[in-house]
Amino acid sequence: MSLQRAVADLAAYQESLPGPGWLGDVRRRARDRFERMQWPTTSEEEWRRTNLSAFEFDSYRVIDGTSSDDGSGDVQRDGGSWARQLHYHNGVFTGSEGDAGGAIVDDLIALADAGSGAHCESAVASVRSVLEAAVDRADNRIELWNLALMSSAAVVYVPRNLAMDGAVLVEVNADADEAVVAPQVVVILEEGAQADVVVRCRSSEEGELLVAGAEQLVVGANARLRLTLLQRLNDDSLYFHHGHAEIGRDAVLHRSEAALGSDFVKTRFTSDISGAGADVDLNGIYFALGEQHMDLRTVQNHRAARATSRAYYRGAVRDEAHSIYQGLISVAPGAPGTDAYLTNKNLILSEAARADSIPSLNIRTDDVRCSHGSTTGKLDPSQVFYLQSRGYSLNEARRLLVQGHFEDLIAQTNESLHDELRELIARRIDG
Amino acid sequence: MKIEIHGLRASIDGQQILNGIDLELESGQIHALMGPNGSGKSTLSNVIMGHPSYQVTGGDIVVDGESILEMEADERARLGLFLAFQYPVEIPGVTVGRFLKRANEIRFADKATATKGFVKELRAGMDFLEMDQQFINRYLNEGFSGGEKKRMEILQMLLLKPSFAVMDETDSGLDIDALKVVAKGINKLRDPSFGALIITHYQRILDYVKPDRVHIMYKGRVVTSGDESLVHTLEAEGYDWVRQQFGSPDDVLEEAR
Ligand SMILES: Nc1ncnc2c1ncn2[C@@H]1O[C@H](COP(=O)(O)OP(=O)(O)OP(=O)(O)O)[C@@H](O)[C@H]1O
Ligand SMILES: [Mg+2]
């Protein structure tokens with residue numbers, strides 16, 4: 001592993017990256033757009049509460065993509081029951097494990113190299129068009145940075161009518177200092193396909209990482225995807241993430257994200273619901289402490305008739321932390337019969353902690369059911385007293401209630417993550 | 001367990017509610033406490049259990065010779081006190097099973113049996129109270145009907161085996177079958193190591209659980225105590241009788257208007 005390159009030298013870095021020619025084109029196009037943009041400022045509504053001006057993005061280093069340590073020795077194998085795992089270390093693909101059945105679960109470059117087989121070719125072609133579209137769609141510099149820096153991508157491709165047996169784990173691990181990592185996950189479900197994907201972004205205890213991650217989901221007609229994204233970087237790191245989903249007719253997307261790490265978090269997930277009758281659940285868990293700043297945004301973009309979407313975001317803040325949840329429901333004129341809902345509940349665990357909840361609706365058609373609700377408050381003293389009356393100490397009662405605040409959302413993630421999520425939350429309550 | 005309440009005064013948000021309560025309670029005995037709405041029965045329950053929103057402004061609560069006023073609610077629970085709430089709160093995200101398992105561990109911390117037989121005992125308790133086992137996996141009280149919440153309070157009491165329980169209108173809102181089940185639960189515990197203060201508005205429950213002593217509360221005081229016949233007097237005469245007997249002339253006037 002070498003960390004010699006400053007990120008400012010983007011062109012030279014890109015030249016060093018492996019992969020097929022089209023991927024080089026995607027990166028160059030992203031760089032081109034990147035160079036013509038400024039970092040987001042607080043004058044933009046989405047970034048109003050998240051000030052980037054103090055960061056010196058150019059001072060971060062990138063990990064040289066050619067230095068592919070095979071890493072198979074130091075990959076932490078996860079104990080969970082995964083059908084297939086992909087492992088990344090400091091942005092480099094270090095290996096895979098398990099059997100994807102008839103699906104393709106592999107690193108993009110490995111896949112493009114292997115290159116043969118009809119599934120393989122159509123997978124690569126689909127990933128290509130998804131990434132090209134991502135570059136065109138990107139509307140801010142951080143998103144383009146991810147695409148310009150992308151050394152490869154974790155690919156999950158499930159062909160038509162195939163229901164994957166067991167879940168996929170994409171493990172993005174890093175232990176560098178003052179380095180930027182740009183993980184990319186592409187999940188494509190063809191018509192009628194089904195998959196359960198977990199993306200876990202973690203780091204060693206030490207070292208300041210800047211993760212500029214992205215996720216591209218395509219859920220075909222009648223397909224069903226559950227995706228859980230767990231961010232558990234150390235408390236010195238910075239985490240940016242842009243997720244996007246294209247959701248087809250009668251498709252189902254259940255996405256959960258958990259922000260349980262990092263000093264600074266800014267994420268956005270946009271669901272473009274372009275198929276009639278689709279059903280989308282967006283769940284979020286976040287817990288900020290110390291002086292952490294977490295800003296999460298979801299967009300429920302209804303462009304087709306009779307689709308349903310719900311966003312459930314639950315947060316907790318303590319110490320002097322500040323969280324922001326921004327949820328937008330947008331309904332296009334061509335989306336009658338839309339049923340969309342968003343709710344945000346925040347627990348304030350210290351006087352100096354703050355949680356902002358910013359729901360907004362942009363509805364351009366009649367015949368819709370859209371609503372939002374948010375509550376922000378302290379722990380309910382009558383609940384604390386109830387538990388104390390059953391012998392729970394004040395601390396234990398508070399801990400149980402904070403855990404309970406997240407529990408129904410935890411229950412909707414992949415079972416292999418339940419204990420880990422509970423443990424991470426417990427640590428943030430006590431730590 | 002012996003509970004001695006002397007001249008207890010308490011207030012909430014600066015409002016004086018309890019105006020000098022004297023009451024002696026003891027394991028092995030069942031006491032009934034009746035009194036009109038707003039007379040301070042729930043306040044007394046909460047103050048006995050140590051609700052932090054209430055200020056004790058005078059008097060004392062002495063358990064087995066020691067004042068408990070400085071104790072937090074959880075210390076009182078570990079001492080063997082229990083409160084069945086008039087309005088049990090919902091605790092989202094905490095399953096009945098998880099909640100009870102831990103409560104049981106805390107209560108019987110020094111006994112090896114704490115967790116071993118717990119699941120069996122829980123199932124037996126639910127059978128006894130005719131509760132569906134599905135409740136174990138539901139979040140505590142969330143979406144429970146009024147009667148289900150009351151049964152859940154009794155289930156907790158059965159499992160935690162307090163030395164003394166205050167039951168605040170556990171019989172309110174119960175259908176006749178549920179009432180019998182609740183009474184059965186109380187009677188099951190009835191022995192020299194268990195006592196209860198049953199707060200109620202109705203004679204009904206006392207037909208199933210015979211009280212040793214009956215107290216009438218009025219305007220923050222226990223104005224009279226007696227045996228079961230007091231319940232019949234109250235049933236026949238209503239609280240007018242209490243106002244006439246124990247109220248100030250103002251109260252009677254107020255009533256006359
Ligand atoms: N926070 C508060 N501030 C002021 N007064 C209060 C407060 N809480 C309760 N009270 C008053 O205290 C009085 C006693 O209430 P309490 O609930 O103890 O009555 P109760 O005897 O249990 O009545 P019920 O039979 O209706 O259950 C009532 O008049 C009530 O309005
Ligand atoms: Mg009451």
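Pairing each residue of the stretch A:368-389 that is without any contact (Cβ under 8 Å) to a residue 60 or more places away in the chain and farther than 14 Å from A:Arg314 by Cβ with any residue that is acidic (Asp, Glu) and surrounded by fewer than 17 Cβ atoms within 10 Å (Cβ to Cβ), provided the two are 6+ apart or on different chains, yields C-beta distances under 6 Å for A:Arg369/A:Asp339. The lone criterion from (1) within 13 Å of ligand 2 (Cβ to nearest atom); (2) of a type in the set (A, V, I, L, M, F, W, C); (3) part of a strand (DSSP E or B); (4) within 22 Å of B:Leu189 (Cβ to Cβ) left unmet by B:Ile17 is number (4).
In the condition set (1) away from ligand 2 (no atom under 16 Å from the Cβ); (2) free of Cβ contacts under 8 Å to residues at least 24 places away in the same chain; (3) outside any strand (DSSP E or B), B:Glu24 is compliant with all but (3).
When you look at B:Ile106, is it within 14 Å of chain A (Cβ to nearest Cβ), of a type in the set (Val, Ile, Thr) and in contact (Cβ under 8 Å) with a residue 60 or more places away in the chain, yes or no? Judged against the criteria, B:Ile106 is not a match. Given the condition more than 16 Å from ligand 2 (Cβ to nearest atom) and polar (S, T, N, Q), answer yes or no: does some residue in the stretch B:94-106 qualify? Checked the stretch B:94-106: at least one residue is more than 16 Å from ligand 2 (Cβ to nearest atom) and polar (S, T, N, Q).
Taking the criterion of being of a type in the set (D, E, K, R), open to solvent by less than 60 Å² (accessible area, probe 1.4 Å), under 18 Å from the mean Cα position of the chain (by Cα) and within 16 Å of ligand 2 (Cβ to nearest atom), would at least one residue in the stretch B:40-59 satisfy it? There is at least one residue in the stretch B:40-59 that is of a type in the set (D, E, K, R), open to solvent by less than 60 Å² (accessible area, probe 1.4 Å), under 18 Å from the mean Cα position of the chain (by Cα) and within 16 Å of ligand 2 (Cβ to nearest atom).
When A:Asp419, A:Asp339, A:Asp408 are checked against the criterion of being at the interface with chain B (Cβ under 9 Å from one of its Cβ atoms), open to solvent by 30 Å² or more (accessible area, probe 1.4 Å), within 28 Å of the chain's Cα centre (by Cα) and not small (Gly, Ala, Ser), A:Asp408 stands alone in meeting it.
Considering only residues that are open to solvent by 30 Å² or more (accessible area, probe 1.4 Å) and more than 16 Å from ligand 1 (Cβ to nearest atom), look in the stretch B:203-223 and name the one that is farthest from the other protein chains (Cβ to nearest Cβ). Looking at residues that are open to solvent by 30 Å² or more (accessible area, probe 1.4 Å) and more than 16 Å from ligand 1 (Cβ to nearest atom), I get B:Asp207. I'd like to know if the stretch B:155-165 contains one or more residues that are within 16 Å of ligand 1 (Cβ to nearest atom), closer than 22 Å to A:Gln388 by Cβ and not hydroxyl-bearing (Ser, Thr, Tyr). No, the stretch B:155-165 contains no residue that is within 16 Å of ligand 1 (Cβ to nearest atom), closer than 22 Å to A:Gln388 by Cβ and not hydroxyl-bearing (Ser, Thr, Tyr). Elements of the type strands (runs of 3 or more DSSP E) sitting completely within the stretch A:263-341 and holding at least 1 residues that are of a type in the set (A, V, I, L, M, F, W, C) and closer than 24 Å to A:Val130 by Cα: these cover A:264-273, A:279-288, A:293-302, A:322-331.
So which residues in the stretch A:138-188 are in contact with a His (Cβ under 7 Å, 6 or more places away or on another chain) and open to solvent by 10 Å² or more (accessible area, probe 1.4 Å), if there are any at all? The answer is A:Glu143, A:Pro159, A:Asn173. Evaluate the stretch B:99-121: report whether one residue or more is more than 16 Å from ligand 1 (Cβ to nearest atom), in contact with a strand residue (DSSP E or B) (Cβ under 7 Å, 6 or more places away or on another chain) and open to solvent by less than 40 Å² (accessible area, probe 1.4 Å). Checking the stretch B:99-121: not a single residue is more than 16 Å from ligand 1 (Cβ to nearest atom), in contact with a strand residue (DSSP E or B) (Cβ under 7 Å, 6 or more places away or on another chain) and open to solvent by less than 40 Å² (accessible area, probe 1.4 Å). Among the residues making up the stretch A:402-428, those that are assigned to a helix (DSSP H, G or I) and free of Cβ contacts under 8 Å to residues at least 40 places away in the same chain are A:Gln403, A:Gly404, A:Glu407, A:Asp408, A:Glu415, A:His418, A:Asp419, A:Arg422, A:Glu423, A:Ala426, A:Arg427. Among residues of the stretch B:60-74 being away from chain A (no Cβ under 14 Å) and of a type outside the set (Asp, Glu), the one that is farthest from ligand 2 (Cβ to nearest atom) is B:Gly65. Number of residues in the stretch B:38-58 that are more than 8 Å from chain A (Cβ to nearest Cβ) and more than 8 Å from ligand 1 (Cβ to nearest atom) equals 7. Restricted to the stretch A:371-394, and to residues there that are part of a strand (DSSP E or B) and either open to solvent by less than 30 Å² (accessible area, probe 1.4 Å) or under 20 Å from B:Val94 (Cα atoms) (or both), the residue that is nearest to the other protein chains (Cβ to nearest Cβ) is A:Thr375. So is B:Lys188 open to solvent by 10 Å² or more (accessible area, probe 1.4 Å) and more than 16 Å from ligand 2 (Cβ to nearest atom) or not? For B:Lys188, the condition - open to solvent by 10 Å² or more (accessible area, probe 1.4 Å) and more than 16 Å from ligand 2 (Cβ to nearest atom) - is met. When the residues of the stretch A:226-267 are filtered to those that are of a type in the set (Lys, Arg) and crowded, with 22+ Cβ neighbours inside 10 Å, the one that is nearest to A:Met150 (Cα to Cα) is A:Lys266.
The values are calculated or read from the model by the stated rules, or taken from the named source; none is laboratory data. For clarity, every value in this text was computed on a predicted model and none was experimentally measured. Don't worry about glycine lacking a Cβ; one is built from the backbone with ideal geometry, like all the others, and counts go over all protein chains shown. These area figures cover heavy atoms from the full protein model, side chains too; ligands, DNA and RNA do not enter into them. Shrake-Rupley method; radii C 1.70, N 1.55, O 1.52, S 1.80 Å.
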